[in-house]
Amino acid sequence: MTKLDRIKKRIYEIVEASHKGDIASKAYDIMILVAVIVGLIPLMLKPSVQSANIYVKLIDIFTVVLFLLDYVLRVFTADYKMGVKIYKAYIAYAFSPMAIVDLLSIIPILSILPGPAGKIFSMFRIFRVFRLLKLARYSKTMRIIENVIRRVKSQLFAVLLLTVIYIIATAMIIYQVEPEAPVATFNSFFEAVYWSAISITTIGYGDISPQTDIGRFITVLSSLVGVAVIALPSGIITAAYMKEITKKKGEHEL
C-alpha cells in the first residue's frame, strides 16, 4: 500500500461514522453534527432578517466551508466507500442519495452573493433543511430505516403513483360536478387538486368543501380510500422494518 493509499484510508476512517476508540473520527463527527445544528439557525429567521444579519452570513460561510470540506473528502475516498478501486466508484458515489444531500447542503451559500446573483439564488436558502438529513449518517436507527426504505422503494413508489392518479382523477370529477361561477366552490383546478389531497389524507381543513350532494358523496369515498392509502405503506414499511431488525439481530448473534 502506497503512502497516498494509507492517507486516503485514514481520511476515510475519520470522515465515516466513528468506531469505538477512534478519537479523531469521533471529534470529526461531533464537529459536523454541531455544524448541522448551527447551520439550521437561519431557518428560524425570516428571509428579510437573514439577508440583513451579518451573523447569519457568518454562520452560512462557516458551516458551508465545513460541509464543502466534508463533501470533498468523501468524494476523495469514494473508492473505499464503494469498495472498488476504479474511477466509476467516484461517479457512483457522487450520485448516491447521501452525496446528493451533502451537495444540496452546500448550495444555500449562493444566496449571500452580492447584487442580482444573490437575489436569483435566494430561493436556495430553504435548501438548508436538507442538512437535517446529514444526521442520518450518524444514527444506527436511521441507517436501518434507510435500508428499509431502499428495500421497499418499488412498492412505495407503486403506492405513491396510485395515490397521485386517484388524487388527479377525483379532482377532475369534483371540478366537473361542483357549480360554476358566480357561486363556484372551486375557482381553479388546482383548488380541486388541493381539496382531493387533503381529503384522501383525511386531514379535511374545511376551507374548501363541496356544496352538492354528489360532491359530498365523493368526499366520503375519498376519505374512506384515504384510510387504505395510509394503511398500505404503513404495513409495507412495518413488515420490512421487522425483517431488517431480525436480520441485524441474527448478525449480532453470529
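Every read-out reported here was derived from the displayed coordinates using simple, explicitly stated rules and does not represent laboratory data. What you see is a predicted model; the values in this text were computed from it and never measured. So basically every Cβ, Gly included, is an ideal-geometry build from the backbone, and we count neighbours across all protein chains shown.
For the set K88/K140; K26/K81; K140/K243; K81/K134; K8/K85; K9/K85, the pairs lying more than 22 angstrom apart at their alpha carbons are K88/K140. Model label points for L161 and K20, set 7 angstrom from Cα along the Cα-to-Cβ axis, are 4.6 nm apart. Taking a Cβ cut-off of under 13 Å around L45, the surrounding Lys, Arg, Asp and Glu residues balance to a net charge of +3, with basic ones at +1 and acidic ones at -1. Note: the stretch 8-106, Cα convex hull, 102 Å³ per residue.
Go ahead and run the numbers for FRET between V84 and D207, Cβ-Cβ distance against an R0 of 41 Å, rounding to 0.05.
Working: r = 54 Å, r/R0 = 1.31.
In this case the efficiency is close to 0.15.
Between the amide H of I106 and any residue lying 5 or more places away or on another chain, no distance stays under 5 Å, with hydrogens modeled in the peptide plane.
Take the alpha-carbon centre of the stretch 82-112, take the same for the stretch 36-75, and report the distance between them in whole Å. Result: 18 Å between the Cα centres.
Taking the stretch 140-254 on its own, what percent of its Cα-Cα pair distances exceed 21 Å? Write out the running numbers ahead of the final one.
Numbers: 3213 of 6555 pairs.
For the stretch 140-254, the fraction of Cα-Cα distances above 21 Å is 49 percent.
On full extension, the segment bounded by M44 and I144 gains 33.0 nm, given 0.36 nm per residue less the C-alpha separation.
If packing is taken as the average number of other Cβ atoms within 10 Å across a peptide's residues, how do 171-177, 220-226, 206-212 rank, most packed first? Let's see the in-between values first.
On the way: 171-177: 18.0, 220-226: 16.3, 206-212: 13.1.
Listed from highest to lowest mean packing, they are 171-177, 220-226, 206-212.
Cβ-Cβ distance of A169 and S234, R₀ of 30 Å, FRET efficiency by 1/(1 + (r/R0)^6): the value works out to about 0.85. With bins 5 Å wide beginning at 0, the percent of Cα pairs of the chain falling in each bin runs 1, 5, 9, 11, 10, 11, 12, 12, 11, 8, 5, 3, 1, 1, 0, 0.
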